[in-house]
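Student: Encoded as structure tokens, here's the structure I'll be asking about.
The values are calculated or read from the model by the stated rules, or taken from the named source; none is laboratory data. Just so we're clear, the structure is a prediction, and the values are computed from it rather than from any experiment. Cβ placement follows ideal geometry from the backbone for every residue including glycine, while neighbour counts extend to all protein chains displayed.
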């Protein structure tokens, strides 16, 4: 049998094709492995990071190293929790010359064992003890003020954010807080547009006629509309807090759908917002949270108290006894 050059070429072509396929498969495996390694690193970093003081306050009648005793029960802190404070400032964007205030504060508590996420809604007007910072960022005293001012007392975006974290932690009996993500209000438009808009029902009248024309209707808000919807505020902050909670639920659903279509979306969003945000979360932490978020079961925790007026400003005074029970029920395990 005579072997021609054409006969030799066929096995060579097959070998080249196999080599190419092996390289592609190896690249895919490497990418998947890198992704899951990044996810695991993000989880480890978040669990080991800490912005606020880890020492819990004495909620009960007495406390030992491991337990809090309250009303005849022993409570142990839930070690499966990762707590992230989300801060929205009233500056257009981060790094504005003026310090501004924390216009929205939401603590997301992620239970890594049950995949439940509880979001603590904290009114900007909550009266609490704040650290007053020096020009070097050191705390030199405290004041009993609206919690939104914790951001104003910092001397840069990092110290302002960390001061908010510490104020929220102290308000909630020094629960540990692992991280924070701070954005200026203009970033809301980008975030909403990145997930293709947010669908919700317009619940009540507003200063903007465009919303009043759609009362009770299910509408899809784009970025600019969502920004107006979230920022509008009348005589009291209470209705706006309720709109915020409604928006967060709807946004999470939109974000889940968009992320399932494009798993890289959280990284793209983080990169897009990097100039307009301040955070102690790195890319691996964001990837971890975004991946876990696809299975999250979301609920809200309300802090009970009363609205009032002090020095011509609205304040919200928490009910301390109910707050103790809220913290113990949601951040601790009774044994």
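Student: Just give me the residues in the range 169-184 being within 23 Å of residue 90 (Cα to Cα) and part of a loop (DSSP other than H, G, I, E, B), in sequence order.
Tutor: So in the range 169-184, the residues within 23 Å of residue 90 (Cα to Cα) come out as 169-171, 177, 179-184.
The one that is within 23 Å of residue 90 (Cα to Cα) and part of a loop (DSSP other than H, G, I, E, B): 177.
Student: State yes or no: is residue 235 over 26 Å from residue 290 (Cα atoms) and either under 23 Å from the mean Cα position of the chain (by Cα) or buried (at least 20 other Cβ atoms within 10 Å of the Cβ) (or both)?
Tutor: On the way: over 26 Å from residue 290 (Cα atoms): yes; either under 23 Å from the mean Cα position of the chain (by Cα) or buried (at least 20 other Cβ atoms within 10 Å of the Cβ) (or both): no.
Answer is no for this residue.
Student: Checking residue 159 against (1) free of Cβ contacts under 8 Å to residues at least 60 places away in the same chain; (2) over 22 Å from residue 270 (Cα atoms); (3) not in a loop (DSSP other than H, G, I, E, B): exactly one of these is not met. Which one?
Tutor: (2)
Student: Same structure, new question: Within the range 317-325, identify whether any single residue is crowded, with 17+ Cβ neighbours inside 10 Å, on the phi < 0 side of the Ramachandran plot and out of contact with any strand residue (DSSP E or B) (no Cβ under 6 Å at 6 or more places or on another chain), and answer yes or no.
Tutor: Here is the first cut: in the range 317-325, the ones crowded, with 17+ Cβ neighbours inside 10 Å are 318, 323-324.
Filter again for on the phi < 0 side of the Ramachandran plot, leaving 318, 323-324.
Now drop any that are not out of contact with any strand residue (DSSP E or B) (no Cβ under 6 Å at 6 or more places or on another chain), which leaves 323-324.
Checked against the condition, which is being crowded, with 17+ Cβ neighbours inside 10 Å, on the phi < 0 side of the Ramachandran plot and out of contact with any strand residue (DSSP E or B) (no Cβ under 6 Å at 6 or more places or on another chain), the range 317-325 yields at least one hit.
Student: Here is a follow-up. Among the strands (runs of 3 or more DSSP E) contained in the range 48-97, which hold 1 or more residues that are surrounded by 12 or more Cβ atoms within 10 Å (Cβ to Cβ), at pLDDT 70 or above and under 17 Å from the mean Cα position of the chain (by Cα)? Spell out the reasoning first.
Tutor: Numbers: elements: 68-70, 73-77, 81-89.
In the range 48-97, the matching strands (runs of 3 or more DSSP E) lie at 81-89.
Student: Can you tell me how many residues in the range 137-153 are touching a helix residue (DSSP H, G or I) at 6+ places or on another chain (Cβ under 7 Å) and crowded, with 20+ Cβ neighbours inside 10 Å? Walk me through how you get there before you give the answer.
Tutor: If we filter the range 137-153 for residues that are touching a helix residue (DSSP H, G or I) at 6+ places or on another chain (Cβ under 7 Å), which is where we start, we get 137, 147, 150-151, 153.
Cutting the leftovers down to crowded, with 20+ Cβ neighbours inside 10 Å gives us 147, 150-151, 153.
Within the range 137-153, residues that are touching a helix residue (DSSP H, G or I) at 6+ places or on another chain (Cβ under 7 Å) and crowded, with 20+ Cβ neighbours inside 10 Å number 4.
Student: Taking the range 303-324 only, how many residues are within 16 Å of residue 122 (Cα to Cα) and either modelled with pLDDT under 90 or part of a helix (DSSP H, G or I) (or both)? Please lay out each step first, then the result.
Tutor: First, the residues of the range 303-324 that are within 16 Å of residue 122 (Cα to Cα): 303-308, 314-320, 322-324.
Those still in the list that are either modelled with pLDDT under 90 or part of a helix (DSSP H, G or I) (or both) too: 320, 322-324.
The number of residues fulfilling the criteria is 4.
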